[in-house]
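Please treat every number below as a calculation from the coordinates, not as lab data. Just so it is clear, the model here is predicted, and its values are computed rather than measured. All Cβ positions, even for glycine, are placed from backbone atoms using ideal geometry, and neighbour counts span all protein chains on display.
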Amino acid sequence: MNSVFLDTDVVLDLYIRREPHHDVALRLFTYLKKSKVPCFTSAVVIANTYYILSKIESPKYAIDRIRKLRKLVSVATLSEGMVDSALSAPHKDFEDSIQLHCAVQNGINTLITRNTKDYPKEQVKITDPLQYLSAAALLERS
């Protein structure tokens, strides 16, 4: 079974009900929970999610949502070497580079983000939530 890595934007789409992306994020999380696909994220995503949710809503709301998220996702190991790899990579966005190196070096097959254009496609499959759901539906039909 392929594993997935969830990027910050997808998590925030769900928890702050960002339109027009909330419905797709809700469908994605529902599918991932029902299908028991191994889901991962990084400590960076957890920290970013907490920070943004605590500013938009409240620290209590942020902690509650992160607890719910942790029931679905495991936190992939993020090492010093991964940070160094991200620093050395020719990547537009340093945070995205960290997420990519975290996913690749933890053997995660697919990274789900709405920011697909900023990720190189060579090391891991990069997909947005809607593309992932469409591919999963095709697989289930075959």
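Of Lys55/Lys92; Lys36/Lys68; Lys92/Lys117, which sit over 20 Å apart, Cα to Cα?
Details: Lys55/Lys92 26 Å; Lys36/Lys68 15 Å; Lys92/Lys117 10 Å.
Over 20 Å apart, Cα to Cα: Lys55/Lys92.
Can you check how the C-alpha radius of gyration of the chain compares to 2.2 N^0.38 Å, as a plain ratio?
Output field value: 1.01.
Which of the trypsin sites (Lys or Arg not before Pro) found in segment 33-142 are in a DSSP loop and have at most 14 neighbouring Cβ atoms, other than their own, within 10 Å?
Lys36, Lys92, Lys121
Relative to the compact-globule scaling 2.2 N^0.38 Å, provide the ratio for the alpha-carbon radius of gyration of segment 47-121.
Normalised Cα radius of gyration, segment 47-121: 1.23.
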